[in-house]
1. Whole-Hz Karplus ³J(HN,Hα) for segment 20-27, in order, using 6.51 cos²θ - 1.76 cosθ + 1.60 and θ = phi - 60°, x for Gly and Pro?
2. Assign unit charges at the C-beta atoms only (+1 for Lys and Arg, -1 for Asp and Glu), then state the dipole size of the chain relative to its Cα centre in Debye, rounded to the nearest 20.
3. Out of P161, P152, P20, any idea which swings most in a Gaussian network model of the chain, alpha carbons joined below 10 Å?
4. If one computes the Cα centroid of segment 164-181 and of segment 22-58, what distance in Å separates the two points?
5. Got a sec? Charge dipole of segment 65-184, +1 on Cβ for Lys and Arg, -1 for Asp and Glu; which of P152, A90, N103 is way out at the positive end?
6. Return the carbon/sulfur percentage of the accessible area of segment 5-87, one whole number, probe 1.4 Å, all protein chains in place.
7. For the chain, set up a GNM with springs between Cα atoms under 10 Å and report which of L174, L55, L185 has the largest fluctuation.
8. May I ask which residue of A132, T189, F5 lies farthest towards the positive end of the charge dipole of the chain, with charges of +1 (Lys, Arg) and -1 (Asp, Glu) on Cβ and the Cα centre as origin?
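The values are calculated or read from the model by the stated rules, or taken from the named source; none is laboratory data. Only a predicted model underlies this, so the values are computations on that prediction, with no experimental measurement involved. Cβ sites come from the backbone with ideal geometry, for glycine too, and all protein chains shown count toward neighbours. The area values use the complete protein model at the heavy-atom level, side chains included, leaving out ligands, DNA and RNA. Shrake-Rupley method; radii C 1.70, N 1.55, O 1.52, S 1.80 Å.
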Amino acid sequence: MSDAFLVAAFLIGYLLGSIPFGMVLTKLAGTQDLRSIGSGNIGATNVLRTGRKGLAAATLIGDMLKGTIAVVIMGYYGGADAAMLAALGAFLGHLFPVWLKFNGGKGVATYIGVLIGLFWPAAVMFCLIWLATAATTRYSSLSALVAAFVTPLFLWWFGHPALASLFVVLTLLLFYKHRENIKRLQTGTEGRIGAK
């Protein structure tokens, strides 16, 4: 596979990943600017704060699928290396989209989406850990952080060292984007799921 194709895989992944579904869908639905409410984030959790559960679900699916589609298409034409570069590109695109002055979402849905495309059992594991942690703690952010922390270990255990290395990077980026949530978790001020 040529270096030019690998660069293209990364760039196509980035462009797909940078599509801000939360912003697009809320604008089409006529709600207020997503960046002016709640956390100001463009992801599904903040879309839910508009009171539109359908829009939040559509945002979640869109943010997942853009990662999956980037990985599957680039993997089909370019193999494993192209798929992994597309995954990295899609994740960075969601976190740092050029259209929004590089201020994007926190990456959980896109993280799951690229996992689906690269090794779907790890995506199932992520969701199960998220659900178990959310059920016991009622913290959405903590659930994502715990599931992401386990993901590279899971991939390494199942004999995918290259994927494990990639997801160490993605997990560190996800933790970075959740740094304010981590501070609130430490001080006990993080909002719980379902709390008013």
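1. Working through the residues one at a time gives x, 4, x, 5, 4, 5, 5, 5 Hz.
2. On the way: 15 positive and 6 negative charges, 179 e Å.
Computed charge dipole of the chain: roughly 860 debye.
3. P161
4. Cα centroid of segment 164-181 versus Cα centroid of segment 22-58: 23 Å apart.
5. Looking along the dipole axis, the top candidate is N103.
6. Carbon-and-sulfur percentage of accessible area, whole number: 70.
7. Checking each option, the largest mean-square fluctuation is seen for L185.
8. T189
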